[in-house]
Amino acid sequence: MKVDVLLGLQWGDEGKGKIVDVVTPDYDIIARFQGGPNAGHTLIFEGHKQVLHTIPSGIFRKNTMNVIGNGVVIDPVTLKSEIEAIEAKGVDVSKNLLISRKAHLILPTHKILDKFSEESKGKKKIGSTLKGIGPTYMDKTGRNGLRMGDTENPKFKEKYQQLVEKHQRILGDYDYQNILTETENAWFEALDFLKNIELIDSEHYLNNAISEGKKVLAEGAQGTLLDIDFGTYPFVTSSNTITAGTCTGLGVAPNKIGDVIGIFKAYCTRVGSGPFLTELDDEVGQRIREIGHEYGATTGRDRRCGWIDLPALKYACMVNGATKLSMMKADVLDSFDTIKVCTHYEVEGKRIDYLPYDINDLDIQPVYKEIRGWNTDLTTLRDLKDAPKEFLDYIAYLEAELSVPISIVSVGPDREQTIIK
Ligand code: GDP
Ligand code: IMO
Ligand code: MG
């Protein structure tokens, strides 16, 4: 069996959590491969709402194992509160969650370093979620990090102290001592609590499962345009959010990758700083934000809203090798008479159809095609044969432009509001 991958094609928050939850009954294992508690994946079903940050979105379905892979960075405090919230809904998390020994730990000082880094950048700040993601991945690649497996080592406290001292040298006279004192005890308590969850060598576990014919779905966090290599650098996160991140984040070889399901919204959003060529800094953007409830699932910040951007989406399909697409939140555009689609950009009088390298510095104007809206309530639609023509035309147009079939259409936040073609 091959590993299917489900990931975001825009700047995150496309609705990955919802679709993973919907398709989980088709899989034996759901595995997160990168990111950490910067993610916020929302699941809504049977009147419940749950936002997941570190735990894979298959956790509410019986008979599915959930794996936090080596590519993920873990804040024990966030993970503990997630587990407690899920257990309060009657799920015995210790039975269907496994954690890779090689997943790196976010220390309290990593979060302080994140804040310190953002403050020192001033106006050029990334708009980080301040969950300690960047500093933790820096320690990973700098070969200083602590991993979940280290908690099994009797010298763990010593190793922890050494890393904290390194951080303290960087922080110098920055005012951090109070935050550290307030958060350190809870961090160790949470680590103790996590002893209920089994640590595994997840690369062996997953490859054995694949050999036994089990079906695995890799769940991405963030989105392609936040990828450390291919996103709008430096306004990105610190991991590879693209399909290739599955290979390094789970220990699965490239020839074991099956379908790649790319998720996008029928429009576009972004949280935090950085270029967003089709952003609508006007009442139309505000209208999308209100109808789509576009407020961050992790930080509560307003999400910036704008029209769909085809050159960026084509790029995302290319670097991910998307084989299927899932279009989300079309219902948010139900009351729009016209919808715009960015087909090209104009730079210094020239028309281009790709994301230029110096996107942060150039004056780039989006070129739009205007499309007639469907002016119909889609939220009760369950079969595309009942869909208005304008909506079917929109789907067909996007499929033709992106050269990838749209196989899932989502028309509301609930599990039930999903059409699988
Ligand atoms: P993720 O990070 O990709 O999992 O996405 P988030 O959970 O951060 O953000 C997606 C938001 O849109 C959540 O509030 C979902 O409940 C909601 N949502 C998902 N799909 C749909 C949809 O088709 N229509 C509407 N109106 N809301 C949706
Ligand atoms: P999900 O998985 C949307 C953004 C932050 C910031 C940048 C860097 O829910 O789609 P970081 O905390 O990683 O240092 O922040 O990336 N960001 C996200 N935006 N959805 C996410 O995750 C995000 N995770 C990080 O807002 O601009
Ligand atoms: Mg999110």
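Expressed as a whole percent, the proportion of Cα-Cα pairs in the chain lying more than 27 Å apart is 51%. Using θ = phi - 60° in the Karplus curve 6.51 cos²θ - 1.76 cosθ + 1.60, the 3J(HN,Hα) couplings for the stretch 33-50 round to 10, 7, x, x, x, 5, 6, x, 10, 9, 10, 10, 7, 6, x, 9, 10, 9 Hz; x is entered for Gly and Pro. Sparse packing (at most 15 other Cβ atoms within 10 Å of the Cβ) combined with a DSSP loop state is found for the following trypsin sites (Lys or Arg not before Pro) in the stretch 326-389: Arg382. By the count of neighbouring beta-carbon atoms within 10 Å, fewest first, Lys123, Lys324 end up ordered Lys123, Lys324. In terms of the Cα gyration tensor, with a ≥ b ≥ c the square roots of its eigenvalues, is the stretch 126-239 rounded because a/c is under 1.5, prolate because a/b exceeds b/c, or oblate? In terms of gyration-tensor shape, oblate. With a cap of 15 neighbouring Cβ atoms within 10 Å, and only residues DSSP puts in a loop, list the trypsin sites (Lys or Arg not before Pro) found in the stretch 1-65. Here the trypsin sites (Lys or Arg not before Pro) that fit, given the DSSP loop and packing criteria, are Lys2, Lys62. Taking other residues whose beta carbon is less than 10 angstrom from the beta carbon of Lys314, and scoring Lys, Arg as +1 and Asp, Glu as -1, yields -3. When the charge dipole of the chain is built from unit charges on Cβ atoms (+1 for Lys and Arg, -1 for Asp and Glu) and taken about the Cα centre, the candidate among Asn360, Val411, Thr183 whose Cα reaches farthest toward its positive end is Thr183. The overall shape of the stretch 180-254 is oblate: from the C-alpha gyration tensor, with semi-axes ordered a ≥ b ≥ c, the ratio a/c is 1.5 or greater and a/b is no larger than b/c. What do you get for GluC sites (Glu not before Pro) in the stretch 156-262 restricted to DSSP loop and a cutoff of at most 14 other Cβ within 10 Å of the site's Cβ? Answer by residue number: Glu212. Here Glu87 and Asp175 are evaluated by their C-beta separation; at R0 = 35 Å the FRET efficiency comes out at 0.45.
As a length-normalised measure over Cα pairs under 8 Å and 6 or more apart, the relative contact order of the stretch 37-185 settles at 21 percent. Counting only chymotrypsin sites (Phe, Trp or Tyr not before Pro) that are in a DSSP loop and have at most 12 other C-beta atoms within 10 Å, tell me the longest site-free stretch of the chain. Longest gap between qualifying sites, sites excluded: 1-353. Overall form of the stretch 67-188: prolate. Here a/c, set by the Cα gyration tensor axes a ≥ b ≥ c, is 1.5 or more, and a/b is the larger of a/b and b/c. Sorting Lys80, Lys157 from the fewest to the most surrounding beta carbons within 10 angstrom yields Lys157, Lys80. The phi torsions of the stretch 66-80, fed into the Karplus equation with coefficients 6.51, -1.76 and 1.60 and a -60° offset, translate into couplings of 10, 10, 8, x, 4, x, 8, 10, 10, 9, x, 5, 5, 5, 4 Hz, rounded to whole numbers, with Gly and Pro shown as x. For the stretch 335-402, the calculated P(r), taken from all Cα-Cα distances in 10 Å bins from zero up to the bin holding the longest distance, is 18, 37, 25, 16, 4 percent. The length gained by stretching the chain between Arg351 and Asp281 to full extension, at 0.36 nm per residue less their Cα-Cα distance, is 22.9 nm.
Of the residues Met328, Met148, Met138, the one with the fewest other Cβ atoms within 10 Å heads the list, and the complete ranking is Met138, Met148, Met328. Annotation: amide H of Ile106 within the under-5 Å range of Ile74, Asp75, sequence separation 5 or more or interchain, hydrogens built in the peptide plane.
Read-outs: derived from the displayed coordinates by stated rules, not from any lab. The structure displayed is predicted, hence computed values, not measured ones. Every residue, glycine among them, receives a Cβ derived from its backbone with ideal geometry; neighbour counts consider all protein chains shown.
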